[in-house]
Amino acid sequence: MIYLSPSMLSIDFTKIGEQLATIEEAGTPYIHLDVMDGLFVPNISFGIPVIKGIRKASNMVFDAHLMIVEPEKYVEEFRKAGADIINFHLEATKDPKKVIDLIRGTGAKVGITIKPKTPVEALKPYLADVDMFLVMTVEPGFGGQKFMEDQVPKIRQLADWKKEMNLNYDIQVDGGITQDNVKIVLDAGANVIVAGSAVFGKEDIAKAAQDFMEIFKEYE
Ligand code: DX5
Ligand code: ZN
């Protein structure tokens, strides 16, 4: 299955409940929640109280992308707030195994994310331990940046390992994805597609989400 995960970073925050309902009604399965602490990335977004608040208003899968240092300190809180998937950055912790176990212990799905400068080989020790890998195709911190096509071989490598080792993790891609370039990452083997500005930046957000999902049908 291929899943769309629109990034809430680009939502109209004066219409947050309304816009979440619009994409959910349009059939969007996931919502991507970019949490930034101003330390791991040079930006600050939203955190636990916001996630807790919107949990009451949505049944979509809450896909949290933690761009924070020492994620181990907050895993429990994000789970309690309503995160279904918790993605942490490999670069943000000294002990990835510990973070994996902590997330697993909460009952959430576990994801590991890498920044563009981190080689995909760094994920190899964890292939059998997590539910999702997230390949960043922009430097994390901001929505609306240009897609870095030079990151695509990482997606292909993760897809190859998955096949060779008969594993079934998801491969998520995040950053600069549009309806025009999404096939590049789908062809490489990605199956969870994040899109911020290409959904919430559009006039008709339901149509923008559906346009992505129409393209996904060609791959199923
Ligand atoms: C960037 C975030 C992304 C971002 C994507 O640090 O992780 O999820 O919101 O936005 P677009 O799709 O506009 O690049
Ligand atoms: Zn993200």
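The values are calculated or read from the model by the stated rules, or taken from the named source; none is laboratory data. Quick caveat: nothing in here was measured; it's all calculated off a predicted structure. Every residue, glycine as well, gets a Cβ built from its backbone with ideal geometry; the counts of neighbours run over all protein chains shown. Ligands, DNA and RNA are excluded from the accessible area calculation, which covers all protein heavy atoms including side chains. Shrake-Rupley method; radii C 1.70, N 1.55, O 1.52, S 1.80 Å.
Observations on the structure shown:
- Of all the numbered requirements in (1) under 25 Å from residue 162 (Cβ atoms); (2) surrounded by 18 or more Cβ atoms within 10 Å (Cβ to Cβ); (3) within 14 Å of ligand 1 (Cβ to nearest atom); (4) not aliphatic (A, V, I, L, M), residue 143 misses one, and that requirement is (1).
- Elements of the type strands (runs of 3 or more DSSP E) sitting completely within segment 58-135 and holding at least 1 residues that are open to solvent by 10 Å² or more (accessible area, probe 1.4 Å): these cover 61-67, 109-114.
- Looking only at segment 136-183, and only at residues there that are without any contact (Cβ under 8 Å) to a residue 12 or more places away in the chain and part of a loop (DSSP other than H, G, I, E, B), the one that is nearest to ligand 2 (Cβ to nearest atom): 180
- The condition (being within 15 Å of ligand 1 (Cβ to nearest atom) and either open to solvent by 10 Å² or more (accessible area, probe 1.4 Å) or on the phi < 0 side of the Ramachandran plot (or both)) is satisfied by just one residue among 210, 157, 151: 151.
- Considering residues of segment 30-47 that are assigned to a loop (DSSP other than H, G, I, E, B) and closer than 17 Å to residue 134 by Cα only, the residue most open to solvent (accessible area, probe 1.4 Å): 40
- Condition check for residue 121: within 16 Å of the chain's Cα centre (by Cα) and acidic (Asp, Glu): no
- Residue, most open to solvent (accessible area, probe 1.4 Å), within segment 1-12, restricted to residues that are within 16 Å of ligand 2 (Cβ to nearest atom) and farther than 10 Å from residue 200 by Cα: 3
- Inspection of segment 8-26 finds a residue satisfying the criterion of being under 12 Å from residue 64 (Cα atoms) and under 15 Å from the mean Cα position of the chain (by Cα).
- Qualifying positions in segment 12-44 - of a type in the set (Val, Ile, Thr), within 17 Å of residue 81 (Cβ to Cβ) and within 10 Å of ligand 1 (Cβ to nearest atom): 35
- Unique match (being within 20 Å of residue 102 (Cα to Cα) and either of a type in the set (Val, Ile, Thr) or in contact (Cβ under 8 Å) with a residue 24 or more places away in the chain (or both)) among 83, 21: 83
- In segment 13-23, residue nearest to residue 3 (Cα to Cα) [restricted to those that are open to solvent by less than 60 Å² (accessible area, probe 1.4 Å) and not small (Gly, Ala, Ser)]: 23
- Some residue of segment 185-193 being part of a strand (DSSP E or B) and either more than 16 Å from ligand 1 (Cβ to nearest atom) or touching a strand residue (DSSP E or B) at 6+ places or on another chain (Cβ under 7 Å) (or both): yes
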